[in-house]
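I have placed the structure first, in the form of structure tokens, so that the comments after it can refer back to it.
The values are calculated or read from the model by the stated rules, or taken from the named source; none is laboratory data. A quick note: this is a predicted structure, and the numbers were derived from the prediction, not measured. Reconstructed Cβ throughout: ideal geometry from the backbone, glycine too, with neighbour counts over all protein chains shown. Accessible surface areas use protein heavy atoms only, side chains included; no ligands, DNA or RNA. Shrake-Rupley method; radii C 1.70, N 1.55, O 1.52, S 1.80 Å.
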Amino acid sequence: MSLTNVYHLRRVADTSAKACMICFKPSTSVMITADSKDFFYVCPAHLQDRNFCSPVVDTEGKAKRLKEEQMAKEIELVKKEYEEKQRKKKEREKKSDKNDKDDKDKDDSKDKDKAASDSKSDEKERDEKIDSIKKAETKAEDGPRIFALHKTFYQIRIDRLRGIEMAKRTQQRLRNPSSFPSVPKGDI
């Protein structure tokens, strides 16, 4: 049995938390091999322990994340420029409308402007909350996601898998009646 010493970090739901392999506290972090032959639960604090595992540098993943961040920044700049243009356009329209309307209409438009500004401020607050949530999520996931176990822990995993495999073979042998010796048939 060949088992690669490359484990990917995955998160599970809080309801699916199981005991950590080391400290037996409930954990939602799972280390799993790429071929899904082996997995175990581990606390995030143990992942930072130098004697347990070391992160594998994923240069392609980092480059991809940097590209995505740059694209997001560019998109944000374009959105801001567009909003600024729309705001200036509305201000010009309001100025031309104000010159044409009576005082009574001006009072009505002020009420409408106040309502519009209130809705805009609500939208901005909502957008800010969404952005802060996204930033918090990305900060939590910025840590390494691929790890290599140190040789003692890796050997423990290999021994465990071998034990499971041996137990399966033993069960199969016990179920098969031809594996037991037969009763002697001749006179001795």
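Across D97, D14, the residue with the most accessible area heads the list, and the full order at a 1.4 Å probe is D14, D97. Using a probe of 1.4 Å on the protein chains alone, the accessible area found for T15 is around 130 Å².
What is the sum of charges, Lys and Arg at +1 and Asp and Glu at -1, for the other residues whose Cβ falls under 12 Å from the Cβ of A17? Please report the intermediate quantities before stating the final value.
On the way: positive: R11, K18, K25; negative: D14.
In short, +2.
Solvent-accessible surface (1.4 Å probe) assigned to C20 amounts to roughly 0 Å².
Please list V12, V183, V42 from largest to smallest accessible area, probe radius 1.4 Å, with all protein chains kept in place.
Details: V12 50, V183 115, V42 0 Å².
The most accessible residue leads, giving V183, V12, V42.
Taking label positions 7 Å along the Cα-Cβ direction at both K80 and S16, the computed distance is 3.9 nm, reported to one decimal.
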